1. For segment 1-111, what is the accessible area per residue in Å² when the probe is 1.4 Å?
2. Distance from the Cα centre of segment 88-103 to that of segment 23-70, in angstrom?
3. Dipole of segment 86-213 (Lys/Arg Cβ +1, Asp/Glu Cβ -1, origin at the Cα centre): which of Cys185, Leu130, His164 lies farthest to the positive side?
4. If r is the Cβ-Cβ distance from Arg215 to Thr167 and R0 is 30 Å, what FRET efficiency results, to the nearest 0.05?
5. Counting other Cβ atoms within 10 Å of each Cβ, which trypsin sites (Lys or Arg not before Pro) in segment 1-70 have at most 13 and sit in a DSSP loop?
6. Report, in debye and to the nearest 20, how large the dipole of the chain comes out about its Cα centre when Lys and Arg carry +1 and Asp and Glu carry -1 on their Cβ.
7. Calculate the FRET efficiency for Ile30 and Leu232 from the Cβ-Cβ distance with a Förster distance of 22 Å, rounded to the nearest 0.05.
8. For segment 145-209, what's the relative contact order in percent, using C-alpha pairs closer than 8 Å and at least 6 residues apart?
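The values are calculated or read from the model by the stated rules, or taken from the named source; none is laboratory data. Small disclaimer: the values here were computed from a predicted structure and weren't measured. So basically every Cβ, Gly included, is an ideal-geometry build from the backbone, and we count neighbours across all protein chains shown. When the accessible area is computed, the model is the full protein with side chains, heavy atoms only, and any ligands, DNA or RNA have been set aside. Shrake-Rupley method; radii C 1.70, N 1.55, O 1.52, S 1.80 Å.
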Amino acid sequence: MASFRFTHPRLGTIVVTGRPYSGKLSARWINGELHVNVPAGAPRSHVIRTIESHAAEFESMRPAPRYRIGQTIDCHNFSVTVCAAHFPMTKPDIGLAADSTPDFPRFVISIPPTQSIESPQTTGAITGYLHLAARRLAPAILLPRARSLAARFGLRVDTWEIAHGKTTLGSCYPSQRRIRLSYMCVFLDTELRDYIICHELAHLTEPGHTPAFHRLCDRYCSGREAMLVRRLHTYPWPVDR
């Protein structure tokens with residue numbers, strides 16, 4: 001059976017994929033769509049009937065919408081408010097709020113009245129705008145603080161760069177005295193941002209994650225390295241990484 005998509009009256013778009021080595025049906029929600037894996041030889045009609053019989057169970061698994069109209073997303077260094085547009089438009093758009101300031105930008109994302117806030121397209125657009133705002137703000141937010149911390153510890157960094165990776169928050173190249181900070185650090189609170197910077201600064205002296213490195217990083221973090229690592233592992237990111 002080839003993969004196919006269909007629309008269910010309660011579950012919305014369902015993506016069915018036949019798996020050669022799958023012995024049973026499995027399902028999960030991805031970006032507002034239900035993705036169902038089934039044995040490769042299962043007849044299409046049987047798959048649809050089986051999905052229908054489990055519709056209530058799948059509906060209970062549906063994640064709560066990430067965004068909602070009227071929501072203000074606090075990103076620590078800026079905020080984004082999601083609102084319904086009161087004028088004709090074909091896709092979500094972003095602009096600065098009237099009370100925005102250079103020190104704390106406030107953005108407004110307008111959602112067309114014809115577009116559902118729960119649709120994958122709308123969710124993707126909002127997430128994309130959050131990433132765009134963070135990338136634009138990252139140099140002004142991250143680099144002055146990074147330079148200040150380096151000066152405090154008496155460390156020379158020849159090159160600071162903003163990286164566009166989402167999973168690696170920082171990287172250090174000791175031989176080049178170069179440090180890269182991901183724009184994703186903008187979404188962190190001040191304490192965790194400082195931890196990422198201190199972590200990379202410690203690598204200028206100790207390239208590996210040795211006991212000596214952790215002692216140095218802990219000193220830069222005023223004895224709170226372990227606590228900050230635990231906080232970072234459970235941090236509620238406002239966007240996907």
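1. Details: 6740 Å² over 111 residues.
For segment 1-111, the solvent-accessible area averages 61 Å² per residue.
2. The two parts, judged by their Cα centres, are 35 Å apart.
3. Checking the options against the dipole of segment 86-213, the answer is His164.
4. Working: r = 26 Å, r/R0 = 0.88.
It comes out at approximately 0.70.
5. Arg10, Lys24, Arg68
6. Values: 29 positive and 19 negative charges, 95 e Å.
Value, rounded to 20: 460 debye.
7. Once the sixth-power term is evaluated, E becomes 0.30.
8. Normalised by residue count, the contact order of segment 145-209 is 32 percent.
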